[in-house]
Each structure stands twice: as C-alpha cells, then as structure tokens.
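> Quick one: the structure is below, and I'll ask about it shortly.
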Amino acid sequence: MMHSGRFSMTRVANSLAVSLRGALFILAVMLVTMSGFAFAQKLNPDGSPNPDASHVSEQQLLKLLPRAEGRIDIPDTKAAVLIQPMGRTWDYFHEVLLHWGAAIVIVGTLALLALAYLVMGRLRIEGGRSGLKIVRFKAIERFSHWLTAVSFVVLGLTGLNITFGKLLLLPMIGPQAFSDLSQIAKYIHNFVSFAFVVGLVLIAVIFIKDNFPAKVDIEWVKKGGGFIKSKHAPAGRFNLGEKAVFWLSLGLGVAVSASGYLLLFPFSVTDIFGMQIAQVVHAVAAVLFVALIMAHIYIGTLGMEGAFEAMGSGEVDVNWAKEHHDQWLAQKLANEPHPIRGAATPAE
Amino acid sequence: MARMKFLCDADRCIDCNACATACKNENEVPWGINRRRVVTINDGRPGERSVSMACMHCTDAPCASVCPVECIYPTEDGIVLHSKDVCIGCGYCFYACPFGAPQYPKVGNFGSRGKMDKCTYCAGGGGTEVSGSAEEYEKYGSNRFGEGKLPLCAEMCSTKSLLAGDGDIIAQIYKERVLKRGYGSGAWGWMTAYHEGIEV
C-alpha cells in the first residue's frame, strides 16, 4: 500500500511536471506569437512544417525597413543589400528634381542679375576717381581668394557637366568625345577639390575676424546697402552683404566638401543610403553655391565700378573706399603711418 | 517581342551559389567582381530564404536614367546593356540600382573605379564590338543569347529556383508552382524592377 501510494504520488508529481513543462512551452509559444513574431512556425495537420506560415515576402520586409538586407558569402559587404527601392527615388531626384531645380536656380539668378544691371546699371564711384590708392587686400589674401575662385569655377563647370552635360554637350560633340571629356572632367573635379579646400580654409582663417556681425551692419541695411544713390551706407572692412557671402560660402563650402569626400571614398564611411544622401547634399549645396558666386562675381566686376581692383591689384581708389567702406578707411588712416599711396598724375 | 526577365523562386533556392560560380566561369569576370550573388534573408531564423540576385534588367532602368554619359540602354528584348568605351566609372549607376548590380574593377578611391561591369544576361556587350567576337568576350563576357541560349546561371540552377526567359512565361511557371505547392514568397524584386508583381 505504502509503495503503491508512493508510486502514485511520484506519478502525480511527474505528470504535474510534464503538464507544467507543457504549459510553459505553450505559454512560450503564445508569448512569441503574441509579441508580434510575425513568421512563427506552424505545423500542417500531418505534423510537417508548413513553409507558407513561415515565409517572408519582399513586401513584408520592405514595410519594416526601406531596404531588404541579408547575409552573403562574399567579402563585398555592401552586396548584402538585396533590394533598395530608394535607388529609384534617387534616380527621380537626380533626373527630375535636380535638373529642373538647378536650371531654375541658375537661369533665375542670371535673369535677376541681368535685371539688376538693367535697372541699376553699374554702380559708379560717385565722387569720381581720386587717383589715390589704398591697399585693401594683401598678396596672401588675394592668393587665397583666387585659389578658391579658380578651383571653384573648375569644380563648378566639371560638376555641372555630370548633371547637364548629357543634355547640352553630348548632342553637340557626340558620345565618344563627350565620354573622353567627362572622364577627364571627373578626374579634374576629384583632384582640384583639394585646392578648393585649402583655399576655403585660408579664407576662413584670414577673413573670419572681419566678418562678425557689427552694429554698423544695421545702419548699412537701413541705408539700402549702397544700392540707393542718395543714401550713404556705412560699413567696416566688410559690409553685411559681403559678410553674408563669407558665411554662406563657408557653410556651403563645408557642406560641399564633406559630402564630396564621402563620394570620393565610396562606402568607406557610409552605406548605400548615406551615399545617396551625400550626393543629394553635394548637388543641392553646389547649385546654391553656384548661384551665390554668380551674384558675387557680378557685384565684383560688372555691377560696381572700382570693386574688382580690390582683388585684382589689391589696391582700391580712396574715393571708392570712402563711399563703400568709410569706417574701414578711417581705421586705416588712424592706425597706419602712410596708408595712402601716390597721387598718380592723371593722363592728359 | 519577348521581354527577358529573371525570377528567383526563393522557396526553392538552397544557397548553393552555383549560379554565382557559373556566372564567373562563363564570363571570366575579374577577381572581386560579382555579377550575381546569393543573399540570405532571416539567416537562421524562421522565414529564412535565399535569393539569387543580379541585374534584373529593369523596366525604365534607373541606372540608364542617371548615367551622365548615357552608356546604358535597353535592347529590344528588354536586356539592359552598356558600353565600356563610353563609361567613365562615376559610380552613379550603383547608387540608382535597386539590386546592387553594377560592379567596378577598382576600389574607387579618388574616383578611380574603372569601367562598370554587370550582368549582361549572357548577351555580350553594348559596345561597338562584333557580336560573338573575341573582343566582345574579353570586355563583357559570354554572348550565349546571340546563340539562342539563356543565361548560364539560370540554365544550370540545380533546383530550378532561378528562372530566366520571357517574363510572361516564367511568371506563368512561377504561378503554377505556387498554386500546386500552396505557398510562395513572391517574385523578389519584380515590383521594383518591372512595376508589377505576380498575382497568384
């Protein structure tokens, strides 16, 4: 009796343990199913696994993530991305948005500058040339400017070729000549970028101290920024317009350089999505940069008498300095022993 | 005209990589270039599937669209080919390709990728070389298609997971398979490549 009792007790304990284990298992399965494990294994009526219940479709994967990624057996890690439909989005950006956006921005800026020229004409030195010169930019300053400027123009043209060359140049010179040209342009673009970055750094270091906002900038804006002939707009070494060009160039320059170097070392820092974003940032910043520099070139050459020589010979006419940078001129006169150079005898 | 497509029946793919090997051997591609590869989704988890992927020869191919020198184009059979004489190795096709198909013989730093290489559907090259010539083979690999044959990867797939041929026919084969066995994880990449899936 005792024995059988003990036996039955053990049996009860055993069956309890079994059912507890079973319940735990069922609980675990339920937890897994309920915790949103979408592809949990189900069994067919005959006990065989039903592959349909465990299958994962492309659409399911792409709903979870913008791309389907897995494991590969080859060392090329970027090949693990199986499908990235974003490629088509990037194609749309590059072929539609960028083409139209860049065309509108660049042609629009040209049109605005042409309009400015027609309405305002060339801004003359009101008092005429004095014949007296004062140094505005030293050699190192002009070197930094022209290093950046020349490399910018080269980068701009070779860059625009990648976007617009096939629409404008290819029909004119044919596929093989265009390919050869674009190949060379690509290498020029990649290597001249280093000169541009050196120039950008030099410009930032040299000119930053004169480009911080000042009280006089408000006055300059109130007086119409020198565009209203009856009003004199006061300014220090750089007026607010020039400061804007400085800071925008610095910002766009950093954006273009950073994204450019990501593109120059593909996939070494980022993945396919990062590469696409880098290209978008590069293109958008570059187009805005081109528009900005077009305006900068206009005001520095055609738009204003006496402006170009500041970066050309480095010396400006004293009357020009009086009209556009009076506070800077006053400072120069106060701080330097002989800032004004020779009254050249005017031509007969 | 037939519209050539690839279809990988992932419920049949066993990740044997014979397609990738056959491709390398048939086309004598350089080391490091993988025109076809097998990607395993959900590796070691429920729902694991392997998918063999190469250029899908897309409708409105985004690579052709973004190419700055217009070296990529579709043939009348819908096969996307390119000219290595015109390619400048800018890498844009890789950014646009939804399937990671374009390959480059060099690492790519400082813009030196070399000429792009990708699956040609074993249909030779898109350059000026004579179809089936040694020059064409050297640059682009095999031209089985010119001999009336389908790509070797699909032809020698041991489980007949990878199908190549006219899009309508391989879609029909896939539909019948799904109906018969009662399941299917879908035609991988078709929605993205051809703007249409396969309704079963």
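Bear in mind these aren't lab numbers, they're just calculated from the coordinates by the rules spelled out. Keep in mind it's a predicted model, so treat the numbers as computed, not measured. All Cβ positions, glycine included, derive from the backbone under ideal geometry; neighbour counts span all protein chains shown.
> So what's the angle, to the nearest 10 degrees on a 0 to 90 scale, between helix B:18-27 and the longest Cα principal axis of chain B?
Helix B:18-27 and the main axis of chain B meet at about 30 degrees.
> For the stretch B:93-200, what's the radius of gyration and Dmax over Cα atoms, in angstrom?
For the stretch B:93-200, the Cα radius of gyration and maximum Cα-Cα distance read 17.0, 53 Å.
> Now for a different question. Translational diffusion coefficient of the stretch A:196-323 at 37 °C, 0.692 mPa s, Stokes-Einstein with Kirkwood Rh over Cα pairs, in µm²/s as a whole number.
Translational diffusion coefficient: 196 µm²/s.
> Further question on the same structure: At a Förster distance of 25 Å, what's the computed FRET efficiency of A:E336 paired with A:A116, Cβ-Cβ distance as r, to 0.05?
Plugging the Cβ-Cβ distance into 1/(1 + (r/R0)^6) gives 0.10.
> In degrees, nearest 10, range 0 to 90: what is the angle between the Cα axis of helix B:167-181 and the longest Cα principal axis of chain B?
Relative to chain B, helix B:167-181 is tipped by roughly 30 degrees.
> First check a/c for the protein assembly as shown, with a ≥ b ≥ c the square roots of the eigenvalues of its C-alpha gyration tensor; if it is under 1.5, answer rounded, and if not, answer prolate when a/b is larger than b/c or oblate otherwise.
Note, shape of the protein assembly as shown comes out prolate.
> To continue, here is another question. With a 10 Å Cβ neighbour count serving as the proxy for reagent exposure, in which order, fewest first, do B:L7, A:L170, A:L250 appear?
Arranged by neighbour count, lowest to highest, B:L7, A:L170, A:L250 become A:L250, A:L170, B:L7.
> OK, next. Once you keep just the Cα pairs under 8 angstrom separated by 6 or more residues, what percentage relative contact order results for chain B?
Computed value for chain B: 28 percent relative contact order.
> On to the next question. Take B:M116, B:M53, A:M275 and order them by how many other Cβ atoms sit within 10 Å, fewest up front.
On the way: B:M116 25, B:M53 29, A:M275 22.
Placing the least packed residue first, the sequence is A:M275, B:M116, B:M53.
> Averaged across the residues of B:33-44, what count of C-beta atoms belonging to other chains lies within 10 Å of each residue's C-beta?
Mean inter-chain Cβ contacts per residue within 10 Å come to 5.
> Beyond a 24 Å Cα-Cα separation, which of these cross-linked pairs lie in this structure: A:K166/B:K5; A:K138/A:K243; B:K118/B:K160; A:K215/A:K332; A:K78/B:K115?
Pairs exceeding the cut-off: A:K166/B:K5.
> Return B:D117, A:D73 ranked ascending by Cβ neighbour count within 10 Å, so the fewest neighbours appear first.
On the way: B:D117 23, A:D73 13.
Listed from fewest to most nearby Cβ atoms, that is A:D73, B:D117.
> Evaluate peptide A:76-86: per residue, the Cβ atoms of other protein chains within 10 Å of its Cβ; return the mean as an integer.
Working: counts 6, 0, 2, 8, 4, 5, 14, 13, 7, 7, 4.
Neighbouring Cβ atoms belonging to other protein chains average 6 per residue here.
> Add -39500 (n - 2.57) for each DSSP H run of 4 or more in the protein assembly as shown, then divide by its residues: what number comes out at 222 nm, to the nearest 500 deg cm²/dmol?
-16000 deg cm²/dmol
> Further, regarding this structure: Between the alpha-carbon centers of the stretch B:20-99 and the stretch A:293-312, tell me the distance in whole angstrom.
49 Å
> Considering only DSSP beta bridges whose two residues both sit in the protein assembly as shown, what percent are antiparallel, to the nearest 5?
Roughly 95 percent of the DSSP beta bridges within the protein assembly as shown come out antiparallel.
> For peptide B:54-60, compute the average count of partner chain beta-carbon atoms within 10 Å of each residue's beta-carbon.
Taking all residues of B:54-60 together, the mean is 1.
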